[in-house]
1. Once the mean 1/r over all distinct Cα pairs of region 221-278 is inverted, what Kirkwood radius in angstroms do you read off?
2. How far apart, in nanometres, would the label points at residue 281 and residue 184 be if each is projected 7 angstrom from Cα along the Cα-to-Cβ direction?
3. So how far, in whole Å, is the C-alpha centre of region 351-379 from the one of region 27-45?
4. Considering all projection directions equally, how large on average is the shadow of the alpha-carbon convex hull of the chain, in square nanometres?
5. Could you grab the relative contact order for the chain? Cα pairs under 8 Å, six or more apart, rounded to a whole percent.
6. At 7 Å along Cα-to-Cβ for each site, give me the label-to-label distance between residue 318 and residue 250 in nm.
7. Within 10 Å, count the other beta carbons around each residue, average over each peptide in 359-367, 132-140, 322-330, 469-477, and list them highest first.
8. Within a 10 angstrom radius of the beta carbon, how do 341, 371 rank from fewest other beta carbons to most?
């Protein structure tokens with residue numbers, strides 16, 4: 001069967017020698033995976049400088065804009081376990097190509113957007129970028145183990161470069177869209193930025209990335225995936241709309257979403273425990289370190305992704321308009337977000353060496369404490385630009401450490417044939433944490449936005465920063481429970 005034909009899992013067995021594995025230089029593999037993650041970062045970062053302008057162009061409120069982040073993250077929750085499992089079954093490179101094509105289609109829809117509904121539809125498809133990382137880790141880990149390129153140590157360095165590529169892409173997306181927004185008369189011209197980035201990544205990676213050598217037999221647990229998606233979407237809807245008009249916290253609608261989502265998620269756990277080949281092997285969570293890394297992933301992404309809309313809108317709001325804000329234009333917003341992105345990249349690059357020097361537990365602790373400190377300073381010093389940007393850089397450094405640490409530890413906790421599933425679990429939790437954070441911030445914004453107004457009161461931002469700081473502190477406490485391997 002040709003690779004472009006119907007997907008069928010290869011039979012289980014020893015690794016086979018594939019031509020691509022023998023002939024693809026390791027440098028080309030690294031360059032390709034970094035380029036794909038660069039496109040992922042651009043896709044995630046390009047929209048931030050445009051958000052303040054989109055309130056007028058698409059006739060929505062600042063609270064409504066949080067649905068962009070929620071839609072994107074919820075799509076990621078749905079795509080990640082399915083794509084990860086399919087990568088292990090059918091070949092990581094093959095599934096990655098389809099994955100890139102889905103994101104490219106979503107990017108085209110975003111570029112064509114002249115309504116909020118079409119923009120959300122494009123963002124839903126773009127959410128498939130969450131599958132990039134586990135599929136690329138599968139390619140990288142299979143390649144390094146087959147060729148003896150350093151095992152987990154080489155994989156950690158590769159993951160570090162991938163995270164750096166991801167965050168560098170976010171920074172590049174910020175600047176590119178900010179420049180386009182300034183130079184173009186159309187407020188939506190910069191929406192085409194991810195189309196160019198993902199199209200280039202697909203064209204370059206198509207011939208260069210090697211296919212996985214070993215694929216276990218099995219099938220995709222579609223029932224488990226559907227239950228997980230339905231449960232999480234219901235919970236996110238209840239959290240996101242709680243306090244909004246018609247969605248009071250005590251209303252049957254909100255209560256029904258939260259309770260129904262919790263019950264469906266519990267049913268998903270029971271189904272997975274009785275399934276021979278589950279979408280996500282929940283038995284892995286019997287291990288202490290898996291639980292700790294998973295909870296830290298939830299806590300650090302709560303703030304990192306939860307504030308993805310709030311901070312850019314704050315930077316672009318003028319004091320004359322709302323009584324607060326820093327009044328930056330789209331290019332100014334993109335430049336103001338660079339300290340956070342550069343610090344995040346630095347943290348990801350430093351994490352492997354830091355883990356060797358002070359152990360993984362203390363990297364988890366340090367990252368969480370840095371994020372908590374950054375959010376606390378944002379709360380205390382948001383009236384001036386320099387202190388605010390310094391605070392975002394501190395939070396970025398912490399999130400960079402945690403981006404690498406949680407991803408590396410998640411991969412090392414599973415056998416090689418489940419690499420994408422192990423990485424996919426972590427990516428799923430990253431997106432769940434971000435979805436919860438975005439939903440909570442949306443609820444705060446909705447409660448703090450006067451009727452008929454587009455912008456919330458300043459309390460929406462201060463409350464959000466305090467909540468994110470508290471969650472990061474909880475992550476620091478949880479990280480102390482991590483147990484490193486005995487030497």
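Derivation of every value follows stated rules applied to the coordinates shown; laboratory data play no part. Computed from a predicted model, the values in this text were never measured in an experiment. Please note: Cβ atoms are built from the backbone with ideal geometry, for glycine as well, and neighbour counts cover all protein chains shown.
1. 11.8 Å
2. Going by the 7 Å Cα→Cβ label model, 4.6 nm.
3. 25 Å
4. Mean projected area for the chain: 21.6 nm², to one decimal.
5. Answer for the chain is 24 percent.
6. It works out to 4.3 nm between the two label points.
7. With the highest mean Cβ count within 10 Å placed first, the list reads 132-140, 359-367, 469-477, 322-330.
8. With the sparsest Cβ surroundings first, the list reads 341, 371.
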